[in-house]
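Read through the structure below, which is laid out as structure tokens, and then see the notes.
Just so it is clear, none of the values below were taken in a lab; they were calculated from the coordinates. Every value quoted in this text rests on a predicted model; they were computed, and no experiment measured them. All Cβ positions, glycine included, derive from the backbone under ideal geometry; neighbour counts span all protein chains shown.
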Amino acid sequence: MILGSTGSIGTQTLDVVRAMPGFFEVLAMTSGGHHMELFAQQVEEFKPKYTGIADQECLPDGIKCEAGEHVNAAFAGLPEADLVVIALTGIAALEPLLCALRAGKKVALANKESVVCGGAFLQEALRTPGAELIPVDSEHSAIFQCLKSGKADEVERLILTASGGPFWQLSRKDLEYVTPQEALKHPIWQMGEKITVDSATMFNKGLEIIEAHFLFSMPKERIDVMIHPQSIVHSMVEYKDGAVIAQMSMPDMRLAIQYALTYPMRTPRVAPRLSLTDCAPLEFHRVDRETFGAIELAYQALDEARVLPIVYNAANEAAVRLFMDGKIGFCDIERSVRAVMQRMRGTNAPNSLEDILQVHSMAQAMTLEQTGAGK
Ligand code: MG
């Protein structure tokens, strides 16, 4: 089943399904409520048994659909499902993720917010017999694959690579004047708007540091980040003996999706083949952590790992929206997140999904207030 079939990852998941005839049957498909024409086409082509729309207002004509905000969670535990692809955006993915894991499902997860915000609950949900989580985020898929080369206690550190987005060579002064149009031009990856801006600020990498911490139970001191503009090495694992194992492929999400869908098997490729002699020379650079404060803030968030990652994610999400609306500048995104994290230090750790959502909305409200946009 594919939760969130009309987004960037959802459509690429269907590309993989289409390219592997006879391998998969799409049991269920959901969409948030945008792109209803595309959704209707997908339903027509893949003929899922269940269809759902999260936004009740957007019910399309001519498709029989379940509707409502909990439709994803309701589908996630369906007894007939053996693989749940979660391609939803934002914290809305957390409820269906926990439902799927608690129902003992194998989950291909392409949503980082749910791991960042619900990290502490994942371990418990993953203890359900049958429950399994295979990351689709390209860096985490790479690490997941590289971790097959040794045992957990033999790992020295994880090295996340970052394309650096369009601005990694800019100075802090130049960054102040970046416009939304400029931030939306990513040199390598074609992605949704929010993640493209996150890639430019490096909040995306910050979220991925936190994601790696929870997914691989890795202390933050053992998670490193490196700029690699060509996006051929998707991430690496360094072992205690000094061996560094990298996963390389063309920057195409379909490989990570295919791997998660067919795991533990490897099947004939869907994405283009990598030719190292034809691609640009591979470069690696240090991240300028003074200029891109998002990285340092992510490590700080892990000091209070049950609360501050939620705040980090929520405040960034709200600030990105303000930036896109022209209400704040590019560097104000980082300033707002820093300020809201400061204010929310020491908040009680959430004990339930409801608590998490509450911290999330508090942090968002505070971001609006902080920037004057909430008045
Ligand atoms: Mg990524």
**Report entry** Nonlocal amide H pairs with Thr6, under 5 Å, H built at 1.01 Å
**Finding:** Gly32
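Quickly rank 84-95, 325-336 as a protection proxy: mean count of other C-beta atoms within 10 Å, highest first.
Sorting 84-95, 325-336 by mean packing, highest first, produces 84-95, 325-336.
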Query raised in the report: Restricting to the chain, what percent of DSSP beta bridges are antiparallel, rounded to 5?
Result: 30
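For the chain, what is one quarter of the convex hull surface built on the Cα atoms, given in nm²? If you can, show how the numbers build up before the last one.
Numbers: hull surface 74.7 nm².
Averaged projected area of the chain's Cα convex hull equals 18.7 nm².
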Query - Residue of Pro229, Pro21, Pro48 that the Gaussian network model of the chain assigns the largest fluctuation, springs spanning Cα pairs under 10 Å - result: Pro21
Query raised in the report: Ordered by packing density, taken as the mean number of other Cβ atoms within 10 Å over each peptide's residues, highest first, how do 355-366, 277-288, 136-147 rank?
Result: 136-147, 355-366, 277-288
Report summary line: With the 8 Å Cα cutoff and a minimum separation of six or more residues, the chain has a relative contact order in percent of 14
Report task. For Lys148, list the lysines whose Cα falls under 29 Å from its own Cα; do not include residues on the same chain fewer than 8 positions away. Result -> Lys105, Lys106, Lys112, Lys205, Lys220, Lys240
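From the helices alone, meaning DSSP H stretches of at least four residues, give me the mean residue ellipticity at 222 nm for the chain, per-run term -39500 (n - 2.57), in deg cm²/dmol to the nearest 500. Before the final figure, lay out each step's value.
Working: 15 runs with 159 residues, N = 375.
Estimated from H runs of four or more residues: -12500 deg cm²/dmol.
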Report summary line: Rounded to one decimal in nm, the spacing of the 7 Å Cα→Cβ label points at His34 and Thr128 is 2.9
Query raised in the report: Of the listed peptides 200-208, 11-19, 171-179, what is their order by residue-averaged count of other C-beta atoms within 10 Å, with the highest listed first?
Result: 200-208, 11-19, 171-179
Query raised in the report: Rounded to whole Å and sorted largest first, what semi-axes of the equivalent ellipsoid does the C-alpha gyration tensor of region 187-293 yield via the square root of 5 times each eigenvalue?
Result: 23, 19, 17
Report summary line: With Thr89 itself left out, Lys, Arg at +1 and Asp, Glu at -1 over residues whose Cβ is under 9 Å from its Cβ give 0
